[in-house]
Amino acid sequence: MSIKHHPSDETLMRMAAGALGAGPAIVVSVHLEGCAVCRNRMAHFEAVGGAILDGMPSAPLAADLFGRTMERLEAAPPLPTRERMVMRPELGLELPRAMQNCEVGPWKWLGPGFQWSKVKIVGSPDAKVMLIKGKAGLHLPAHGHTGLEFMQILSGSLADERGQYLPGDLDEADSDVDHRPVVGQDSDCICLAALEGDTRLHGLLGRLLRPFVGF
């Protein structure tokens with residue numbers, strides 16, 4: 001698999017610093033699972049961040065820091081394991097490891113050949129994350145964004161005026177992008193998407209879809 005579209009350096013730096021929101025972080029984590037190039041870039045940014053921390057003056061730790069840390073660890077959900085990666089027949093795909101602690105809803109009909117599934121992240125109820133499924137050849141609704149949209153291709157392909165996106169590719173679309181992606185003719189496409197802002201859906205179809213999607 002040859003990955004041509006990657007998260008920006010700014011996004012990876014935000015990820016390394018823990019400053020990326022829960023929704024986009026899930027999408028980027030899925031990308032990192034299959035992209036050695038971005039894993040190496042992440043390691044570089046984490047090393048830079050570590051060097052900066054090493055150069056900062058030390059400060060005394062709170063007396064109850066250990067106890068509070070243990071409480072947070074005990075309350076955290078269990079980490080995913082390889083054995084928990086199971087096929088989801090109702091979704092038609094195997095979820096990436098980064099999504100194993102997410103609550104993934106069933107497919108919901110949005111229009112002919114167009115479905116979506118709400119993805120909920122533990123501890124981040126306001127995260128705007130979803131799976132999108134389109135039939136081969138489908139023109140998705142024309143839309144823009146009020147913030148960054150992160151979209152990872154899980155299967156199939158998409159294309160717009162900026163290029164073609166294949167499995168493993170991650171597309172970042174900012175507020176300057178208005179597009180109408182088209183699903184490739186060879187197979188259905190499933191994507192994982194997260195929003196930092198809102199989606200600006202254009203036209204009659206967009207106005208009809210907004211109450212159902214809520215983004």
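Just one of the numbered conditions (1) farther than 15 Å from A194 by Cβ; (2) not in a helix (DSSP H, G or I) is not true of L20: (1). Of the set (1) out of contact with any helix residue (DSSP H, G or I) (no Cβ under 6 Å at 6 or more places or on another chain); (2) open to solvent by less than 60 Å² (accessible area, probe 1.4 Å); (3) touching a residue at least 40 places away in the same chain (Cβ under 8 Å), all apply to I121 but (1). For segment 140-163, the candidate set comprises residues that are free of Cβ contacts under 8 Å to residues at least 24 places away in the same chain and open to solvent by 40 Å² or more (accessible area, probe 1.4 Å); within that set, the residue that is farthest from E196 (Cα to Cα) is E161.
Quickly run through segment 164-177 and pick out the residues that are crowded, with 18+ Cβ neighbours inside 10 Å and part of a loop (DSSP other than H, G, I, E, B). Show your work before the answer.
Of the residues in segment 164-177, the ones crowded, with 18+ Cβ neighbours inside 10 Å are 165-166, 168-173.
Hits for segment 164-177 are L166, G168, D169.
The selection criterion, being crowded, with 21+ Cβ neighbours inside 10 Å and over 18 Å from L91 (Cβ atoms), does not hold for P112. In the set (1) touching a residue at least 24 places away in the same chain (Cβ under 8 Å); (2) open to solvent by less than 30 Å² (accessible area, probe 1.4 Å), the condition left unmet by K128 is number (2). Among the residues of segment 156-175, those that are at pLDDT 95 or above and polar (S, T, N, Q) comprise S157, Q164. Is it the case that E33 is over 11 Å from the mean Cα position of the chain (by Cα), of a type in the set (D, E, K, R), under 24 Å from E103 (Cα atoms) and not in a loop (DSSP other than H, G, I, E, B)? Taking the combined requirement at face value, the residue satisfies it. Restricting segment 1-15 to residues that are assigned to a loop (DSSP other than H, G, I, E, B) and of a type in the set (A, V, I, L, M), the residue that is least open to solvent (accessible area, probe 1.4 Å) is I3.
Kindly provide the set of residues from segment 94-139 that are in a strand (DSSP E or B) and more than 19 Å from G23 (Cβ to Cβ), ordered by number.
Taking segment 94-139 and keeping what is in a strand (DSSP E or B), we get 94, 103-104, 108-111, 114-121, 124-134, 139.
Listed by number, the residues that qualify are E94, W109, L110, G111, F114, Q115, G134, H139.
Within segment 178-212, how many residues turn out to be assigned to a loop (DSSP other than H, G, I, E, B) and at pLDDT 90 or above? Residues meeting the conditions: 7. For segment 16-32, which residues satisfy the criterion of being at negative phi and open to solvent by 40 Å² or more (accessible area, probe 1.4 Å)? Once the filter is applied, which keeps residues that are at negative phi and open to solvent by 40 Å² or more (accessible area, probe 1.4 Å), segment 16-32 yields A17, A19. Selection of first residues in segment 25-39 that are under 16 Å from L148 (Cβ atoms) and of second residues that are part of a helix (DSSP H, G or I) and of a type in the set (S, T, Y), restricted to Cβ pairs under 7 Å at least 6 apart or on distinct chains, gives the following pairs, ordered by first then second residue: V28/T11. Would it be correct to say that D178 is touching a Ser or Thr at 6+ places or on another chain (Cβ under 8 Å) and of a type in the set (D, E, K, R)? Considered against the rule, which asks whether it is touching a Ser or Thr at 6+ places or on another chain (Cβ under 8 Å) and of a type in the set (D, E, K, R), D178 comes out as no. Going through (1) open to solvent by 40 Å² or more (accessible area, probe 1.4 Å); (2) on the phi > 0 side of the Ramachandran plot one by one, G137 falls short only on (1).
The values are calculated or read from the model by the stated rules, or taken from the named source; none is laboratory data. Just so it is clear, the model here is predicted, and its values are computed rather than measured. Positions of Cβ are backbone-derived with ideal geometry, glycine not excepted, and every protein chain shown enters the neighbour counts. Note: areas computed on protein heavy atoms with side chains; ligands, DNA, RNA excluded. Shrake-Rupley method; radii C 1.70, N 1.55, O 1.52, S 1.80 Å.
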